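A.B. asks: Below is a structure I'd like to ask you about.
The values are calculated or read from the model by the stated rules, or taken from the named source; none is laboratory data. Please read all numbers here as calculations on a predicted model, not as lab measurements. Cβ placement follows ideal geometry from the backbone for every residue including glycine, while neighbour counts extend to all protein chains displayed.
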Amino acid sequence: MQKQMERAGHKDERSRESGLCDRSIELHRILACKPLTSTWLHVNATVRDPYDRKKTEHLLALDGANERLHLFKAELLEEGSFDSAVEGCIGVFHTFLLVILAPRIRSSIIKRVIITSSLAAVMLTGKPLADDVVADETWFSDPVVCEKLKDWYMLSKTLAERAAWKFSEEKVMDMVTINPDTVLGPLLLPTLNTSVEPIAKLVGAETFRNATCRLADVRDVANAHIFAFENPLACGRYCVAGKPTHSCEIFKMLRELYPHLNLPQKYSDENLSMPAFPAFQVSQERVKSLGIKFTSLEVSLKDTVDSLMAKNLLSV
């Protein structure tokens, strides 16, 4: 099989240990986080086109990128596409299908694979999600429940994680999953992503949704990946989710931080007596055991909006 990988950027002939990363949030923290800034660590990152400066410039501008970041061309649906990127790596951070990396993982020196899953693969068990309920890593969403609710996003996340665990057990592979809820925080990309876009769209909107959410700061999520890789005792799943917060509390914070912003003042459905999502809690005990200290919601919101403004992605 002919390899379709092309390597771009600085070439370092010295021996080194590397980690593969296919998502910018983890890549940013791997390059910037203090425990991993020593010169021995190199990062192999996969992109569709390493020569597309519009898509890679923000990565190449990161501190240490010139010396320790190596971009590889890879396509998820192309067999063998990740082989060269994984070659020589001691760890893999991946956000999609583990089976794509299967051939190379079996024959490499990889010590651990960190999979980005989702709280979507945790919460829909069929159990009541009342305000006094605390979900944890032992929960696993039931595909039948997801199908009944026609929640195809949660179904896809659940099936993908189940497949990853099945594969890791069959191949006796050391794997850890990180299961975050909705992620916000400062943007690395020059464009909007799907989790931050709703905040940008609320400026100038007439209403907001009556809902409760458990937001996770992107830096906490990324650090959870790193700590799960570095800690030899890490295993299983780690949920990353903040305390349940109603949308009205979020808007109160935003109005206090940015009184000049045109933010909505009322619910999209004022007749709704209960929030669209119940205020169940997610245990933070296990992820805190890795050393994670959660960023406050106010700091996350401020850094998110400041980032949107700095990148001219917010109408003010």
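A.B. asks: I'm checking my understanding of the structure. Among residues of the stretch 57-78 that are assigned to a helix (DSSP H, G or I) and charged (D, E, K, R), which one is nearest to ASN44 (Cα to Cα)?
C.D. replies: Taking the candidates together, the pick is ARG68.
A.B. asks: Test LEU155 against the stated conditions and say whether it is in contact (Cβ under 8 Å) with a residue 60 or more places away in the chain and over 17 Å from the mean Cα position of the chain (by Cα). Outline the logic, then answer.
C.D. replies: Working: in contact (Cβ under 8 Å) with a residue 60 or more places away in the chain: no; over 17 Å from the mean Cα position of the chain (by Cα): yes.
So LEU155 does not fit the description; no.
A.B. asks: Of (1) exposed (fewer than 13 other Cβ atoms within 10 Å of the Cβ); (2) at pLDDT below 80, THR95 satisfies all except one. Which?
C.D. replies: (1)
A.B. asks: Can you go through PRO259, PRO264 and tell me which one is exposed (fewer than 12 other Cβ atoms within 10 Å of the Cβ) and not in a strand (DSSP E or B)? Step through it out loud before you land on a result.
C.D. replies: Numbers: PRO264 fails: exposed (fewer than 12 other Cβ atoms within 10 Å of the Cβ).
Step by step, each of PRO259, PRO264 is checked, and only PRO259 is exposed (fewer than 12 other Cβ atoms within 10 Å of the Cβ) and not in a strand (DSSP E or B).
A.B. asks: Run VAL172 past the list (1) of a type outside the set (Gly, Ala, Ser); (2) touching a residue at least 12 places away in the same chain (Cβ under 8 Å); (3) farther than 16 Å from ASP306 by Cα; (4) not in a strand (DSSP E or B) and report the number of the one that doesn't hold.
C.D. replies: Every condition holds for VAL172 apart from (2).
A.B. asks: Now for a different question. When the stretch 105-129 is examined, which residues are found to be under 24 Å from ALA85 (Cβ atoms), polar (S, T, N, Q) and either buried (at least 22 other Cβ atoms within 10 Å of the Cβ) or at pLDDT 90 or above (or both)?
C.D. replies: Residues satisfying the conditions are THR116, SER117, SER118.
A.B. asks: Quick check on the stretch 212-234. Is at least one of its residues over 18 Å from the mean Cα position of the chain (by Cα), closer than 30 Å to ALA130 by Cβ and part of a loop (DSSP other than H, G, I, E, B)?
C.D. replies: Scanning the stretch 212-234 turns up no residue that is over 18 Å from the mean Cα position of the chain (by Cα), closer than 30 Å to ALA130 by Cβ and part of a loop (DSSP other than H, G, I, E, B).
A.B. asks: Also: Touching a residue at least 24 places away in the same chain (Cβ under 8 Å) and at negative phi: is that true of LEU233 in this structure? I'd like the intermediate steps shown before the answer.
C.D. replies: Numbers: touching a residue at least 24 places away in the same chain (Cβ under 8 Å): no; at negative phi: yes.
Criteria not met by LEU233.
A.B. asks: Can you tell me how many residues in the stretch 130-152 are exposed (fewer than 14 other Cβ atoms within 10 Å of the Cβ) and closer than 20 Å to TYR238 by Cα?
C.D. replies: The qualifying residues number 2.
A.B. asks: Still on this structure, please answer the following. Which of the residues spanning the stretch 207-221 are touching a residue at least 40 places away in the same chain (Cβ under 8 Å) and in contact with a Phe, Trp or Tyr (Cβ under 9 Å, 6 or more places away or on another chain)? Write out each step before concluding.
C.D. replies: Applying the first criterion (touching a residue at least 40 places away in the same chain (Cβ under 8 Å)) to the stretch 207-221 yields 207-215, 217-221.
Residues satisfying the conditions are THR207, PHE208, ARG209, ASN210, ALA211, THR212, CYS213, ARG214, ASP217, ASP220.
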